Amino acid sequence: MAPKGLDYELLNENVKKVQYAVRGELYLRASELQKEGKKIIFTNVGNPHALGQKPLTFPRQVVALCQAPFLLDDPNVGLMFPADAIARAKHYLSLTSGGLGAYSDSRGIPGVRQEVADFLLRRDGYPSDPELIFLTDGASKGVMQILSTIIRGPSDGILVPVPQYPLYSAAISLFGGTLVPYYLEETANWGLDVNDLRNAVSQAKSKGITVKAMVIINPGNPTGQCLSEANLSEILRFCYQEGLVLLGDEVYQQNIYQDERPFISSKKVLMDMGPPYSKEVQLVSFHTVSKGYWGECGQRGGYFEMTNIPPKTVDEIYKVASISLSPNVPAQIFMGLMVNPLKPGDISYEQFIRESKGVLESLRRRARIMTDGFNSCRNVVCNFTEGAMYSFPQIRLPPKAIEAAKSAGKVADVFYCLKLLEATGISTVPGSGFGQKEGVFHLRTTILPAEEDMPAIMESFKKFNDEFMEQYEDHKGYSRM
Amino acid sequence: MRRSVIGGAKRTTTTTCLFLLNHAHHRSLLPPLHHRLDSSSSSSSATALLLLLRRLSSSSSSASSPSPPNMPNPVSVQSINPKVLKCEYAVRGEIVILAQRLQEELKAKPGSLPFDEILYCNIGNPQSLGQLPITFFREVLALCDHPAILDKAEAQGLFSADSIKRAWQILDQIPGRATGAYSHSQGIKGLRDTIAAGIEARDGFPANPNDLFLTDGASPAVHMMMQLLIGSEKDGLLCPIPQYPLYSASIALHGGSLVPYYLDEETGWGLEVSELKKQLKEARSKGITVKALVVINPGNPTGQVLAEENQRAIVEFCKQEGLVLLADEVYQENVYVPEKKFHSFKKVARSMGYGDNDLCLVSFQSVSKGYHGECGKRGGYMEVTGFSPEVREQIYKLASVNLCSNISGQILASLVMSPPKVGDESYESYSAEKDGILKSLARRAKTLEDAFKSLEGITCNKAEGAMYLFPRIKLPEKAIKAAEAAKTAPDLFYCRRLLNATGVVVVPGSGFGQVPGTWHFRCTILPQEDKIPAIVSRLTAFHKSFMDEYRN
């Protein structure tokens, strides 16, 4: 028979190379078990509402009114919606041309981009140009758009932290570029050493790879660390010297669970550094409505802000954005609401604060319960989740377990996570999906299960883990870094 | 003449893409993008620029203390992905930029121009031109966005009973009723069930919810397929000319080859299988592996609705040649003539007895078109059939990298494929709204078509479906000379003059592709009906004076 267009052998090789562990083997197995009726605790994706987090009331009221603008003319609307939500809905509808049902400008509604720019000014103390802010269907789309603009072929390299959020490795393979890893140092609380970066770049160069960009994830995913101002300025200086675009994944900027290292944006640090850096270093930073105390993953709302990107390149990025017509408009309204929240004195203000604080404070407690829980387990060590939504414990697997995994045809941490899933229903992502040093194994869980369930989850984890270790440990030592 | 142009190697393998539909009718402060970088001229100018940049950076850095950048700017136009550069983008070309400028002028100095508003007939964006959404759909969406009110007695006063019922049904299909959660990467299973049932009701053949991938509008689904199909410029896709430029743009972005086939204007933009065969053979002789055939039905920009018999021949052709059939069926609800009916390619293939083993078929559907026109929601789906499990896994993987499509759009896609039924409380208002919109679109199409046809030198096919007219203008020699002197394509020249005189924004045919030496423009039928007479009289007056000026 003649070959057909979609025969597996004929597919784009770059597609086949893509790996995306967050929805990989473990997730599929968990879904199967769930279908069989087993109770599964999904801690594989940072998806708060799926685990019971309630949406903030005010933004949902505003978007509902924008969806059904005829309600605004109904004399009874005030019975169900507070006046500030009604006013805000009118405000956003006036910024659109044709409401939620019309394509917007491909970069997003100009008025919402202005609200983002105002937010950035308040956050960083430096003006931001709405023409350099593009709204997107979630931050992932933005990241993919920028990477596809940067990457020409396999000799273009992108510096990516290891462990990393696999969106980066997946997108780089898809666009046919080369991932140039730099390792975060677990023993230094997942810190980043600029000397390592230099080594990574020179090694890549010796292989004929031009490193064009560097990705940082701050707060870290899956590693949860918050970068210090000093560290960020080192990174920016490095990017300046090497001529790299810095891609700042800052989607977890609201998720901070300690007070020593608050979130500080790459843009602020860059501007604080002054010229020549502030005028030269190319920076794209990403944000989303999916994280923070919003957790509105299902809306697919995000933006990126470009700094020091040449206007002609911005035009090209705009052109590519326009091929997808426009980001979804409801999520643009969510973004507007996120960057321009209620103010003291607004009718709904107190409820809004109560809800958002409730979420954040609970996340902070959960981060603590989880870290402590992992650290109480045999052969498990875990850094504290300073920020983001994940815990990334190292599992020191005994050689016998590694062998057992090998004979089962599995990577050792996949083996462990599958066993964990079967025994407890806890669905995690093996560290190998994020990258880790050779011979060292981790898993990622989110800190998102409901607070009241947390002690039981950690207990069931500990029971499984300690039994697993008992079964495989021959007390002669185990795999260590 | 046609033959020589189509047959030229360059023409077939070129990946230059044209994308001009965008609606950039909002304020844009960006400078116009006129630099078209064709590979020969750009490389030398790029090198020169690079040298200049290097020199500049070395001279400036000698004064500053920190070590200088030792690399060229990583995201300058010289160093970004050349496939991105290759896309040609006529929207930001003159016409829309001019329209935006005129709009600013009108705002600043009302009455300063011969018209008092800009009429955007360049893009299929109905609600931006005043079309109202379908009430029932929006009620359900509002309730799903804010489920907290579903339980409240007051909700009964504000929402129809069946919208409340439907919202409950939908929420119960969503795990945890969490509309703010990422869903399954293919879309919420319950919604896919509903859509599959809708497809089945439409076609009379079963549809499998696992064959459905819900996407943020149809465009990302098209991109996903291109990503899958295209590995290099050796991979080709047969695309209609004229075509919706999403195809040329995405083929260029993914580095493949567009293999054109021409629709025959004489027979109402007919799609001849003999033409497909000829182009396929020619492409193959150049070493191109043609992997798929794109068919847009109803046609964009050409508005034709394919006859069932024609569709059968197309299916047979794809089966014989092992081509994936990419069926853009986003205008399936937009059919305006009683003698034509929309038939999905899946129905046609199944009725021929062809199943999964015979044909790889992808059907794209969108919430943006039809009578609902919900462009801003970015909802859509593709139904993929005939794929091996291994390939399907690859599609799933691609979908999962982006996590999922937006939930509002997913819900709306399920509503569009399963609207209120006879007996439901909202049925009457729903069908009145739907019929009102579709009938009005049919009247607008007819009025505009008649108006175009009555003009000197203009011929115009019927808009049997979709949202566009694509009239052909026989431009007088003098006008073509004038355009040449102004260094613009003649159709662009005409469209610019039209805009300047009337405020009507249309897209030159060159953006869609046309038989060389013929000139067209695309005009949507979407302005509200009360505006149509004014548009017609302005168009007529303009065309008359244009012809008076340039008639031989």
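Every read-out reported here was derived from the displayed coordinates using simple, explicitly stated rules and does not represent laboratory data. These figures come from a predicted structure and were not determined experimentally. Note that each Cβ is placed from the backbone with ideal geometry, even for glycine, and that neighbours are counted across all protein chains shown.
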Positive minus negative residues near B:LYS277 (Lys, Arg vs Asp, Glu; Cβ under 12 Å): -2
Ranked on Cβ counts within 10 Å of their own Cβ, fewest leading, B:HIS146, A:HIS287 go B:HIS146, A:HIS287
0 to 90° range, to nearest 10: angle between helix A:329-339 axis and chain A longest Cα axis: 90 degrees
What's the angle, to the nearest 10 degrees (0 to 90), between helix A:194-206's Cα axis and the longest principal axis of chain A? 80 degrees
What 222 nm value per residue comes from the helices of chain A, counting each DSSP H run with n ≥ 4 as -39,500 (n - 2.57) and dividing by all residues, nearest 500 deg cm²/dmol? -13500 deg cm²/dmol
Among A:GLY157, A:GLN332, A:PHE175, which residue has its Cα furthest toward the positive end of the charge dipole of segment A:94-339, with +1 on Lys/Arg Cβ and -1 on Asp/Glu Cβ? A:PHE175
Spread of Cα-to-Cα distances over 20 Å intervals beginning at zero, given as percent, for the protein assembly as shown: 13, 44, 35, 7, 0
Peptide ranges A:203-212, B:306-315, A:429-438 listed from the most packed, as the mean C-beta count within 10 angstrom indicates: A:429-438, B:306-315, A:203-212
Segment A:94-339 - percent relative contact order, Cα under 8 Å, separation 6 or more: 26 percent
What's the local net charge at A:LEU247, with K and R +1, D and E -1, over the other residues with C-beta under 12 Å away? -2
I want to check the label-to-label distance for B:ALA485 and A:GLU452. Put each point 7 Å from Cα in the C-beta direction and report it in nm to one decimal. 8.3 nm
Can you compute log10 of I(q)/I(0) for chain A with the Debye formula, treating each Cα as one identical point scatterer, at q = 0.13 Å⁻¹? -1.31
Would you calculate the separation in nanometres between label points at B:LYS474 and B:ASP548, each defined as 7 Å from the Cα along the Cα-to-beta-carbon direction? 2.2 nm
Chain B - percent relative contact order, Cα under 8 Å, separation 6 or more: 19 percent
Report, to one decimal in Å, the Kirkwood hydrodynamic radius for chain B based on all distinct Cα pairs. 25.3 Å
Please go through the residue pairs A:LYS312/B:LYS107; B:LYS86/B:LYS481; A:LYS141/B:LYS462; B:LYS86/B:LYS291; A:LYS205/A:LYS406; B:LYS278/B:LYS474 and name each one whose alpha carbons sit more than 30 Å apart in this structure. A:LYS141/B:LYS462; A:LYS205/A:LYS406
If the only charges are +1 at each Lys and Arg Cβ and -1 at each Asp and Glu Cβ, what is the size of the charge dipole of the protein assembly as shown around the Cα centre, to the nearest 20 debye? 2020 debye
Averaged over its residues, how many other protein chain Cβ atoms are within 10 Å of peptide B:123-129's Cβ atoms? 5
At what distance in nm do the modelled label points of A:ASP466 and B:GLU339 sit from each other, each positioned 7 Å from its Cα along Cα→Cβ? 8.3 nm
Taking only the alpha-carbon positions of segment B:381-505 and ignoring solvent, what does the Debye formula give for the base-10 log of I(q)/I(0) at q = 0.19 Å⁻¹? -1.06
Of the GluC sites (Glu not before Pro) in segment A:249-309, those whose Cβ has at most 10 other Cβ within 10 Å and which sit in DSSP loop: A:GLU260
Give me P(r) over segment B:354-454, computed from all C-alpha to C-alpha distances, binned every 10 Å, as integer percentages. 13, 28, 29, 21, 9, 0
Among the complete DSSP H segments of chain B, which ones combine at least 24 Å of alpha-carbon extent along their axis with a mean Kyte-Doolittle hydropathy of -1.0 or more? B:39-61, B:427-453, B:532-550
If each residue of separation counts as 0.36 nm, what is the full-extension length gain between A:LYS437 and A:ARG378 once their alpha-carbon separation is subtracted? 19.2 nm
Restricting to Cα pairs below 8 Å that are 6+ residues apart, what does the relative contact order work out to for chain A? Please round to a whole percent. 21 percent
For segment A:1-72, the Cα gyration tensor yields equivalent-ellipsoid semi-axes (√(5λ), largest first, whole Å) of 38, 24, 13
From the Cα centre of segment B:230-258 to that of segment B:468-487, the distance in Å is 27 Å
With viscosity set to 1.002 mPa s and temperature to 20 °C, compute the Stokes-Einstein D of segment A:94-339, Rh being the Kirkwood radius across alpha carbon pairs; µm²/s, no decimals. 118 µm²/s
Please list log₁₀ I(q)/I(0) at q = 0.11, 0.21, 0.22 Å⁻¹ for segment B:467-552, using the Debye equation with identical point scatterers on the alpha-carbon positions. -0.29, -1.04, -1.13
Which percent of Cα pairs goes in each bin when the distances of segment A:184-277 are cut into 5 angstrom slices starting at zero? 3, 12, 23, 25, 19, 12, 5, 1, 0
Estimated FRET transfer efficiency when R0 is 35 angstrom, pair B:SER440-B:GLN320 (beta carbons, to 0.05): 0.25
